[in-house]
1. Which residue pairs have Cβ atoms under 6 Å apart, sit 6 or more places apart or on different chains, and have a first residue in segment 175-187 that is farther than 18 Å from residue 144 by Cα and a second that is among the hydrophobic types (A, V, I, L, M, F, W, C) and assigned to a helix (DSSP H, G or I)?
2. Residues 188, 130, 101: which one is in contact with a Phe, Trp or Tyr (Cβ under 8 Å, 6 or more places away or on another chain), under 17 Å from residue 17 (Cβ atoms) and of a type in the set (A, V, I, L, M)?
3. Return the total of residues in segment 143-163 being modelled with pLDDT of 95 or more, loosely packed, with under 15 Cβ neighbours inside 10 Å and either outside any helix (DSSP H, G or I) or of a type in the set (Asp, Glu) (or both).
4. Could you please give the count of residues in segment 125-142 that are under 17 Å from residue 56 (Cβ atoms) and either in contact with a Lys or Arg (Cβ under 7 Å, 6 or more places away or on another chain) or in a loop (DSSP other than H, G, I, E, B) (or both)?
5. Is at least one residue of segment 154-170 closer than 23 Å to residue 20 by Cβ, touching a Lys or Arg at 6+ places or on another chain (Cβ under 6 Å) and in contact (Cβ under 8 Å) with a residue 12 or more places away in the chain?
6. Among the residues of segment 166-181, are any among the aromatic types (Phe, Trp, Tyr), outside any loop (DSSP other than H, G, I, E, B) and touching a Pro at 6+ places or on another chain (Cβ under 6 Å)?
Amino acid sequence: MQKIIFTDLDGTLTLKDTYTKFILQNLKLGVVLKNLPTLAMMLIRHKLKVYNDDDVKMVTFSMFFTGYDRETPLDGFAESAQWNHKVLRRIEEKRKEGYKVIIVTASPDIYVDYVCNYLGYDGYICTKTVDAGRYLDGAFDGKVCNFEEKPKRILEFLDGKKPEHTISYGNSAGDFAMLEFCDESYFVNKLDIKRYEKQ
């Protein structure tokens with residue numbers, strides 16, 4: 001029976017959001033100028049809580065990545081991320097005890113595979129993009145992998161086979177359902193890692 005760690009990416013393995021970093025790395029001024037009114041309206045709706053974080057991710061993904069080439073080199077993206085070394089060390093200790101590590105993130109698959117390989121982890125569960133060939137059509141295939149979607153995707157990943165023990169790490173409300181799901185869970189902030197008390 002396997003022992004598995006399910007860990008969030010943004011704000012957990014890293015100190016800052018990788019999706020924002022990815023947007024900034026691929027930003028084109030013309031696209032920004034063209035979409036300024038939409039961006040302004042989206043920010044207002046988010047502030048008024050009409051849009052949640054998942055809505056913002058869907059809108060910005062369509063805005064910035066329609067036509068994005070999947071074969072764009074990602075060299076340096078993971079290397080330049082601000083990693084949370086406290087969490088990485090904890091996970092590495094558990095790997096030595098035989099735990100597999102799966103990243104579970106709302107971030108899109110266009111760079112999560114690269115990050116997973118960079119860390120040498122065993123797999124990932126993330127927001128899927130529509131398979132429209134080499135160039136993205138700007139849409140997600142299904143829901144953003146966040147909130148209740150995280151344990152749902154974990155169950156699909158496990159294919160009905162309960163591991164010997166599961167550990168999870170997360171840092172936000174989007175991770176609470178995953179933290180509740182796993183046997184042993186930890187809430188992460190920039191300064192500390194605390195045992196998550198299940199509700």
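1. If the second residue must be among the hydrophobic types (A, V, I, L, M, F, W, C) and assigned to a helix (DSSP H, G or I), the pairs left are 185/179.
2. 188
3. Selection size over segment 143-163: 2.
4. So the answer is 3.
5. Within segment 154-170 (the criterion being closer than 23 Å to residue 20 by Cβ, touching a Lys or Arg at 6+ places or on another chain (Cβ under 6 Å) and in contact (Cβ under 8 Å) with a residue 12 or more places away in the chain), the answer is no, since none of the residues qualifies.
6. Scanning segment 166-181, I find at least one residue that is among the aromatic types (Phe, Trp, Tyr), outside any loop (DSSP other than H, G, I, E, B) and touching a Pro at 6+ places or on another chain (Cβ under 6 Å), so the answer is yes.
The values are calculated or read from the model by the stated rules, or taken from the named source; none is laboratory data. A quick note: this is a predicted structure, and the numbers were derived from the prediction, not measured. Cβ coordinates were reconstructed from backbone atoms using ideal geometry, including for glycine residues, and neighbour counts include every protein chain displayed.
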